[in-house]
Structure formats: structure tokens, C-alpha cells
Amino acid sequence: MSDWDTEVDVLVVGAGGAGLAAAVAAHDAGAIVAITEKLDRIGGNTALSTGSLPGAGTRFQRAVGIEDSPERLVADLRGLSGSHDADRLLEVLAEHSAEIVEWLADAMGVQLDIIVDYRHVAHSVPRLHAPTSRKGQDLADQMLAAVERRAIPLATSSPVRSLKRGSNGEITGAVTADPEGRESSIRASKIILCVNGFGASPKMVRAHCPEAADLMYVGAKGSEGEAILWGEELGARFGNLGSYQGYATVLYPHGELLSWTTIEKGAIVVNGAGARFADESVGYSGFTAAVARAGTPITAIFDQSVIDIAAREPWFKEVLDYGGAKRASDIKQLGSATGIDYRQLAATLSSYNRAAKGEIQDPFGRTDFGVAPLVPPYWHARVVPALLSTQGGLAVDSLGRVLRQDDTPVPNLFAAGGAVAGIAGRSGGMGYASGTGLLHAIGLGYIAGRAAVAELSPRDRPNSKSP
């Protein structure tokens, strides 16, 4: 009689974008696959995102006349992040980025558009692909539908308690628990960890990512750092642990994100005295630390031309509909609504508008002003900075295999997504470019799923179907 309650070829731990991609990739390569998710719902940080991931040289780009290449994508991202502990992984993901985006559309059935209304920081050409709604939840739901069409078992409210190891240190399976705490053992020839980062663990954030320690956390609740704990037990190597994805402008008190399109197209951000304090155009993650240092209250100010562009994103139009941003007919009304001396606001806007028109250099170094200068009527929103996700974790090779301190793989163990050292730099929030989190999650999930199956031998797979 077997000591295992269930046996599979590949066990995927976590049902965010990385896990769903890994499961489908492994299934389609011929493996018997199961997914376990500790929360009562799928999606992770993928569901909380705008669903955007970059692809360089996709058919979607070619259809609208955009020329791009993996080399250009690498240069763009490395120009923002600098060199880091996952340089080779960046090159691999860029090389396969078009393939990953098109696989997401063709094999997973995700409806994707190439976004041409904006590029966001670091991207020199439009290359972000997203659902029409620009909602990560829609992306996650469509990926879940692909899992369901394949009848891949998925157990929610089923956390992994521990990883099982053989006599030679190889991973042999995992112990899970149901909502009542009853444990089950799953034998798995390969395990792919897709458990996200450690943003929901204040202790780990303070230890590994201190710059983000005092930020409000608005990411997935399940990001509690299991990959770090298991990695420590296995003697794994880690990378980029000080790196994070911040968001400089979370609407207060609503908790929704103020679309970064507003900033890219010309909005400014001011402190309680009505003064700007840094270059807003460095990006929503890169600008986060500056907003945190500026204290409270913080206000974003834009105008109708900016609203008209940003409201093309259906999810942001919903934010406007429930009052996430408000209108002021002139500078005095803006001052009254924000509690800021209108004369200081007028001086700030005058200086900014002169810079936008090219009359003076911007005192904070901003060179991209979108559709500014800003003119009445104005729009304003109270905002706070926040932590979306940590971007450091397990070191992996180009196939997603988890590496020990001596750079040899932990046998049978793969990882993807937030569990893994990301491609956003070694530390801080400045290196995060739009969409790189999903490229890292979905892309590495796709790569790891296929690689895990390629390692299986007939002896490993007593119950497998033929590819």
C-alpha cells in the first residue's frame, strides 16, 4: 500500500498567473498535473494587476506596424534596473516573450490587445499586451478557464505545509491541509513553486526589503514568504531580495490604483504645502519612495485632457464613476477642495506648465510632460504610496530549476513568479518596469512547466498520458 494519498507527475503550488501557466504548459506537454492553492480563490497578484505583460516582436505588434526585438526589450529593462542577480533570466524571458504572449492567446485562449495609448516607463515602443478591460482579474479568469477545459484538478483552501524529500535530498512530494486541517500527502515527480513573494509578511519585508517596510501593503494576501522558508531549509540561493514593486498613487481612502496613465500624460503630485518634490515620470514604482518621504497628505492633480485619455481604460472609468477623483473648476476651488493654499498651487502649476512648454527646465528633471500644460478645469485625487509585491526570492536557472548555494539544482524542484528572484533590479523600487512582474510570472511558469515535463522519465510517470 502506498504511503501517498495522491500521485501526480507535476504538482503546482499556487494558482496565480505563474501557477496557472505552469499547469497548462505541463499538461499540454503530456504530464498528469494538479494545482494546490492555499487561499479560497485563485489569481494572486495577477488578479490585482492591470493584466499587462510585455512581448517583443509579437504578431499583435506587427499588425499595427510596431517594430521590436528581444534585444531592445533587454536594453530597455536593463537601462532601468541595472545589472542584477537575474540577468540571464531577463535575457531568456525577453527571448521568449513573443512566444509567451502568443501562447497565452492561442493555447490559453486569453483575449489580448496591444496597448498603444501608452508605453509606461522604460518601454521605448508599445509592447504591453493586456485584456481589453485592463483588469488582471479577467486575465486570471481566462487562464483559469483554460485549466478547467483541460480538467486539471485544482484544490483551493489547500495550503502546502511542507515539502517531502528523499534520501539524497531530492524533492519527492508535499504535505497539504484541507480547511479542517486534515493533512494529505501528494507524491510528485516534479514540484513547481508558484507561491508568490513575501509582501504580506511585515517581518520578512523589514528584514529583506527595508525600504518598503513602512509602506501600506495592497498586494495578494497569500504572499507570506513560504518560498523563502522552504528555500532556507533546502540550502537554496536567493537573489534580489531588496527589490520591490511599489505603487506611488493609491487612491485614499478607496484603495484603488490611480491609473499611471494620468501621470504619464501630464499629472503632477504635490505635498501638503502644494509643492512638487520629485520627477513623477520615473514610474509608479520608482516614484514610490519619494512619495513616502514627502509625508502626508499627497495630492495628484491633472486636467480634463488627461482624464479623457485615462478614461479609455474601462477600470479607471469605474474609479471615476464612484468618485475616486474629483473636479475643480478653477485654482481657487482646487485649493478649497484640497485644503492647500491656492496661491501656492498656482505657483506650482505655473512653473510646471512653463517647463511643459519648454520655456524653462523642470526643477526636478522631468522631460516627458504628456499633454501638459495643465489647464482648468482641474481634477484632483488624494493618494498614498503602497507596496504591491516583493521582487526577490529563490535563485533559478534559465529553466526555472531552483538552485542551491553551489549553483546545482535542487532535484525535482522548480519555481516561478513571485517566489523567484525577479528582473526588477537588486534593491528598491526604481527598477520595476510596467508588465515585468507578469512576464516573469507567466513567462517563467510556461518555461518551468515544459522543462519539468522534459525531465520526467517513464519510471517517474507510472500514470501519465501520452504527450
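Read-outs throughout are calculated quantities, based only on the coordinates presented, and are distinct from any laboratory measurement. Quantities reported herein were computed from a predicted structural model and do not represent experimental measurements. Using ideal geometry, Cβ is built from the backbone for each residue, glycine included, and neighbour counts are taken over all protein chains shown.
State which entries of LYS203/LYS265; LYS38/LYS190; LYS135/LYS190; LYS38/LYS203; LYS38/LYS317 exceed 26 angstrom in Cα-Cα distance in the structure shown.
Details: LYS203/LYS265 37 Å; LYS38/LYS190 19 Å; LYS135/LYS190 32 Å; LYS38/LYS203 20 Å; LYS38/LYS317 33 Å.
From LYS203/LYS265; LYS38/LYS190; LYS135/LYS190; LYS38/LYS203; LYS38/LYS317, over 26 Å: LYS203/LYS265; LYS135/LYS190; LYS38/LYS317.
Relative contact order for the chain: what is it in percent, counting Cα pairs under 8 Å that are at least 6 residues apart? Don't jump to the answer; show the numbers that get you there.
Numbers: 1150 pairs, mean separation 119.5, N = 467.
Relative contact order here is 26 percent.
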Euclidean distance between Cα centres, region 344-386 to region 12-39, Å = 46 Å
note = Length gained if SER398 through ASP178 is fully extended, taking 0.36 nm per residue and subtracting the Cα-Cα distance, is 75.8 nm
key: Peptides ranked, highest mean first, by Cβ atoms within 10 Å: ranges 266-278, 25-37, 314-326, 201-213   = 25-37, 266-278, 201-213, 314-326
query = What shape does region 245-387 have by the C-alpha gyration tensor, where a ≥ b ≥ c are the square roots of the eigenvalues, rounded means a/c under 1.5, and otherwise prolate means a/b greater than b/c and oblate the rest?
reply = rounded
key: Calculated [θ] (222 nm, deg cm²/dmol) that DSSP helices of n ≥ 4 give over the chain, each run adding -39,500 (n - 2.57)   = -9000 deg cm²/dmol
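To the nearest 20 debye, what is the magnitude of the charge dipole of region 245-387 about its Cα centre, counting +1 on the Cβ of each Lys and Arg and -1 on the Cβ of each Asp and Glu?
Values: 13 positive and 14 negative charges, 61 e Å.
Using only the charged Cβ atoms, the result is roughly 300 debye.
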task = Just subtract the alpha-carbon distance of GLN111 and LEU229 from 0.36 nm times their residue separation and send over the number in nm, one decimal.
result = 38.8 nm
query = Using θ = phi - 60° and the Karplus curve 6.51 cos²θ - 1.76 cosθ + 1.60, what whole-Hz ³J(HN,Hα) does each residue of region 390-400 get, with Gly and Pro shown as x?
reply = 7, 10, x, x, 4, 7, 10, 8, 6, 9, x
task = Have a look at LEU80, LEU11, ILE301 and report the one farthest towards the positive end of the charge dipole of the chain, computed about the Cα centre with Cβ charges (Lys/Arg +1, Asp/Glu -1).
result = ILE301
remark   = With the dipole of the chain defined by +1 on each Lys or Arg Cβ and -1 on each Asp or Glu Cβ, the option from GLN361, ALA395, SER133 whose Cα lies farthest towards the positive pole is GLN361
task = Subtract the Cα-Cα distance of ARG41 and ARG149 from 0.36 nm times their separation in residues, and report this length gain in nm to one decimal.
result = 37.1 nm
request  = Calculate the dipole size of region 261-318 relative to its Cα centre from +1 charges on Lys and Arg beta carbons and -1 charges on Asp and Glu beta carbons; express the result in debye to the nearest 20.
outcome  = 140 debye
task = Set Lys and Arg Cβ to +1 and Asp and Glu Cβ to -1, take the dipole of the chain about its Cα centre, and tell me which of ILE442, HIS120, VAL375 lies farthest positive.
result = VAL375
remark   = Quick calc, THR156 & ALA337: beta-carbon distance into FRET formula, R0 56 Å, rounding 0.05, result 0.80
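By its C-alpha gyration tensor, with a ≥ b ≥ c as the square roots of the eigenvalues, how is region 190-258 shaped: rounded for a/c under 1.5, else prolate for a/b larger than b/c, else oblate? All intermediate terms of the calculation are to be shown ahead of the outcome.
Details: a/c = 2.70, a/b = 1.88, b/c = 1.43.
In terms of gyration-tensor shape, prolate.
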message = Given Cβ point charges of +1 (Lys, Arg) and -1 (Asp, Glu) and nothing else, what value in debye, to the nearest 20, does the dipole of region 218-317 about its Cα centre take?
response = 220 debye
remark   = So, with points 7 Å from each Cα along the Cβ direction, the GLU71-ASP406 label distance in nm works out to 3.8 nm
key: Cα shape, the chain, gyration tensor, a/c 1.5 rule   = prolate
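In region 41-143, which GluC sites (Glu not before Pro) fall in coil by DSSP and have 15 or fewer other Cβ atoms within 10 Å?
Working: sites: GLU67, GLU71, GLU91, GLU95, GLU99, GLU102; in loops: GLU67.
Loop-located and lightly packed - GLU67.
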query = Once both labels are modelled 7 Å past Cα along the beta-carbon direction, what's the GLU359-TRP4 spacing in nm?
reply = 7.3 nm
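Hey, can you rank 335-342, 395-402 by average C-beta count inside 10 Å, highest first? Mind showing how you got there, number by number?
Numbers: 335-342: 16.4, 395-402: 22.6.
Descending packing order for the listed peptides: 395-402, 335-342.
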